[in-house]
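Below is one structure, written out as structure tokens; the observations come after it.
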């Protein structure tokens, strides 16, 4: 793997709102560079290792749902410490065992330079076996959400799609997504910052807890 020298070698921890560090590396679909995914959404996620049970179930389910991510104009990209040829062998096994072809890029990161740049791996760690991180990156390259699962627990693919839907709806409607929000449900309006509006609101919570107007589909 060749990593872009602009990638920082150690980061205390990326936060929501940070620009995702750029990198260039080898992947199962050829050389990839993060900046090339600008202008569309990207879900970048790490997996502890190839040929592991939980990771295998994740990749099977993500491949089955790949068109749903594509329908949302969102690319998928995976990352692990394993070599490119280990990735190839694992994807061949997945195809032969489950009849599923994993077509999104899987990046090799044997030196952990990318994992450390994203805070997926602690500086003192020698491998990424304890890491199952996910970054939701918007078309500007900004990190909009992050999740981290333990190595012995797989991600929820429906929740990944729900999070992507919520982030896109928030951007489109300038609203807030309430608990358990799903597509088709109303968003919330941002609360007013005007004291007169607070006093004029008909109910005691109407100034800060109210549905956003629905989009006109006509």
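Condition (residue is in contact (Cβ under 8 Å) with a residue 40 or more places away in the chain, part of a strand (DSSP E or B), buried (at least 19 other Cβ atoms within 10 Å of the Cβ) and in contact with a helix residue (DSSP H, G or I) (Cβ under 7 Å, 6 or more places away or on another chain)) applied to the stretch 71-84: is it met by at least one residue? Yes: one or more hits. Specify which of the listed residues (144, 140, 155) is farther than 27 Å from residue 211 by Cα and crowded, with 17+ Cβ neighbours inside 10 Å. That would be 155, the only listed residue that is farther than 27 Å from residue 211 by Cα and crowded, with 17+ Cβ neighbours inside 10 Å.
Conditions (1) in a helix (DSSP H, G or I); (2) touching a residue at least 60 places away in the same chain (Cβ under 8 Å); (3) touching a helix residue (DSSP H, G or I) at 6+ places or on another chain (Cβ under 9 Å), marked per residue:
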{"position": "140", "(1), (2), (3)": "no, yes, no"}
{"position": "144", "(1), (2), (3)": "no, yes, yes"}
{"position": "163", "(1), (2), (3)": "yes, no, no"}
{"position": "182", "(1), (2), (3)": "no, no, yes"}
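Here is the figure for the stretch 183-204: residues that are surrounded by 11 or more Cβ atoms within 10 Å (Cβ to Cβ) and either in the same structural domain as residue 145 (by TED's automatic domain parsing) or closer than 30 Å to residue 68 by Cα (or both) total 6.
Taking the listed residues 60, 102, the one that is in a loop (DSSP other than H, G, I, E, B), in the same structural domain as residue 132 (by TED's automatic domain parsing) and modelled with pLDDT of 95 or more is 102, with no other qualifying.
Answer with yes or no whether residue 76 is within 22 Å of the chain's Cα centre (by Cα) and at pLDDT 95 or above. Here the answer is yes, as residue 76 does meet what is asked. At pLDDT below 90 and under 16 Å from the mean Cα position of the chain (by Cα): is that true of residue 141 in this structure? So residue 141 does not fit the description; no.
The set of residues in the stretch 43-57 that are part of a helix (DSSP H, G or I) and either buried (at least 19 other Cβ atoms within 10 Å of the Cβ) or not assigned by TED's automatic domain parsing to the domain that holds residue 119 (or both) contains only 55.
Residues that are in contact with a helix residue (DSSP H, G or I) (Cβ under 7 Å, 6 or more places away or on another chain), outside any helix (DSSP H, G or I) and either at pLDDT 90 or above or under 22 Å from residue 71 (Cβ atoms) (or both): does the stretch 35-42 have at least one? Yes.
The values are calculated or read from the model by the stated rules, or taken from the named source; none is laboratory data. Bear in mind the structure is a predicted one, so any value in this text is a computation, not a measurement. Here Cβ is always computed from backbone atoms with ideal geometry, including for glycine, and neighbour counts include all displayed protein chains.
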